[in-house]
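Peer 1: After the structure tokens below, expect a handful of questions from me.
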Amino acid sequence: MAVTIKDVAKKAQVAPSTVSRVIADHPKITQETKEKVRKVMQELGYHPNLLARKLVTQSSQTIGIIRKTSSKHSLSDPFFPAALQGMSDLLHQKEYSILMTSGESDEDIYREVVNMVQGKSVDGMIMLYSQDDDPVLRLLLDQKFPFVMIGKPTDHIDKVMYVDNDNVKAARNITEYLIRAGHEHIAYVGGDPRFEVHKDREQGYKQALKLANIQSKMLFRKEISRDTASETIAEMMNMSPRPTAIVTTDELMAMSLLSALYERGIRVPDDMAITTFMDSMLSELSSPPMTTVDIHAFQLGFEAAKTLVDLLENPSMMKRNILVPTSIVERESCKKTKRNEAII
């Protein structure tokens, strides 16, 4: 005979309603009671009927994940699996499933989000990006649909809860790191300026140059692939003066540029220093190992999921925004120039 809630309640010496609230992870049930009831559930082999629970609570127990690009690109970007792991860890604890967009274009992704909202297939959403004039953001705000953003919104900042790094400060710090190493001619290679993260990192780069009274700005505002990296390096080598260091904004971009540098016989770090953002095994195992700004992608994902679950449990909660600190991970892709004796 199947174990019931009443069986669990009897052995745990609590009311059946308390068992139901423990299953729902109700915030008014003490942690001690939750642990006691869950232990009894495990001992008796009781498994909640999640489908029935969803029907009663009118909740899908599912969170939608909105990616800024196609599924193919997301899977190759080291940020996505790290952030997804952080979200999954928290959502697993809260017994939520995940439903991800899989569209190959902005229009596809927008249609998928519309279907999720109107079909009530998810309780809330996490946006993994922030960009200018975003129809997805407008839709979620117009529908008053619960969501949290990873990245600072470009507008409606008073209405959006978000988790982010201080990307201006992070980019300023890594540029100042290169300046302290003796570099005066530093190129910045950033992604699509529609996205807030790239605008903030470019701003931080410019701030560092201004504070150091360095006049030359070497800006490359474009997405870098393996095919376009050689063209970008060729442009740099034709500049006068040539850059001696590069700040890039993601690891895939940095790896493409690193490969293009080697194809031209430009040695890293002897002839060119290079840095990037994110810090996955890709940077650690590159040749040479890459100096990075660790943005702690796992923590970004975890905090975004936690904030969304808190919002779902308490819709009237005060809006909050979280900044996850960054740190510089020093490796062999940078070294001091002859002008400076050490990186301070």
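Peer 1: Write down, largest first, the equivalent ellipsoid semi-axes of the range 249-344 in whole Å, where each equals the square root of 5 times an eigenvalue of the alpha-carbon gyration tensor.
Peer 2: Those come to 38, 15, 9 Å.
Peer 1: Let me ask something else. Using the Cα centre as the reference, give the magnitude of the dipole from point charges on the C-beta atoms of the range 118-229 (Lys, Arg: +1; Asp, Glu: -1; all else neutral), rounded to the nearest 20 debye. Don't skip to the answer; put the middle values down first.
Peer 2: Numbers: 17 positive and 17 negative charges, 57 e Å.
Around 280 debye, computed over the range 118-229.
Peer 1: Right, next: About the Cα centre of the chain, how large is the charge dipole given +1 on each Lys and Arg Cβ and -1 on each Asp and Glu Cβ? Please answer in debye to the nearest 20.
Peer 2: Details: 44 positive and 46 negative charges, 203 e Å.
My answer is approximately 980 debye.
Peer 1: Once both labels are modelled 7 Å past Cα along the beta-carbon direction, what's the S216-Q13 spacing in nm?
Peer 2: The answer from the label model is 7.8 nm.
Peer 1: I'd like the carbon and sulfur percentage of the solvent accessible area for the chain, probe radius 1.4 Å, heavy atoms only, ligands and nucleic acids excluded.
Peer 2: Of the solvent-accessible surface of the chain, carbon and sulfur hold 51 percent.
Peer 1: Count neighbours as other Cβ atoms within 10 Å of each site's Cβ, and list the trypsin sites (Lys or Arg not before Pro) in the range 118-150 that are DSSP loop with at most 15 such neighbours.
Peer 2: When the trypsin sites (Lys or Arg not before Pro) of the range 118-150 are filtered for loop state and at most 15 Cβ neighbours within 10 Å, K120, K144 remain.
Peer 1: Name the shape class, rounded, prolate or oblate, that the alpha-carbon gyration tensor gives for the range 238-284, where a ≥ b ≥ c are the square roots of its eigenvalues, rounded holds for a/c under 1.5, and otherwise prolate holds if a/b is larger than b/c and oblate otherwise.
Peer 2: Here the range 238-284 falls in the prolate category.
Peer 1: Over the heavy atoms of H26, what accessible area does a 1.4 Å probe trace out, to the nearest 10 Å²?
Peer 2: Solvent-accessible area, nearest 10 Å²: 60 Å².
Peer 1: Oh, and also: Have a look at the range 118-227 and give its Rg and Dmax from the Cα atoms, expressed in angstrom.
Peer 2: Looking at the range 118-227, its Cα Rg and Dmax stand at 17.3, 57 Å.
Peer 1: State the antiparallel share, in %, of DSSP beta bridges confined to the chain, rounding to the nearest 5.
Peer 2: Working: 4 of 33 bridges.
Within the chain, antiparallel bridges account for around 10 percent of the total.
Peer 1: Right, another one. If we restrict to alpha carbons, what Rg and Dmax does the range 83-147 come to, in Å?
Peer 2: Values for the range 83-147 (Cα only, Rg and Dmax): 12.3, 34 Å.
Peer 1: Taking only protein heavy atoms into account and a 1.4 Å probe, give the accessible area per residue of the chain in Å².
Peer 2: Values: 17480 Å² over 344 residues.
Ligands and nucleic acids excluded, the figure is 51 Å² per residue.
Peer 1: On full extension of the chain, what length is gained from K159 through L285, given 0.36 nm per residue of separation minus the C-alpha to C-alpha distance?
Peer 2: 41.2 nm
Peer 1: Viscosity 1.567 mPa s, temperature 4 °C: give me the Stokes-Einstein translational D for the chain in µm²/s, with Rh taken as the Kirkwood radius over C-alpha pairs.
Peer 2: 58
Peer 1: Something else: Given points 7 Å out from each Cα along the Cα-Cβ axis, report the L44 to Q203 separation in nanometres with one decimal.
Peer 2: Computed distance between label sites L44 and Q203 equals 5.6 nm.
Peer 1: Projected onto the charge dipole of the chain (+1 at Lys/Arg Cβ, -1 at Asp/Glu Cβ, origin at the Cα centre), which of F145, T228, A187 gives the Cα projection farthest towards the positive end?
Peer 2: Comparing the listed Cα positions along the dipole, F145 ranks first.
The values are calculated or read from the model by the stated rules, or taken from the named source; none is laboratory data. Model, not experiment: these values are computed from the prediction. A quick note on method: Cβ atoms are made from the backbone with ideal geometry, for glycine too, and the neighbour counts reach across all protein chains shown. Note: areas computed on protein heavy atoms with side chains; ligands, DNA, RNA excluded. Shrake-Rupley method; radii C 1.70, N 1.55, O 1.52, S 1.80 Å.
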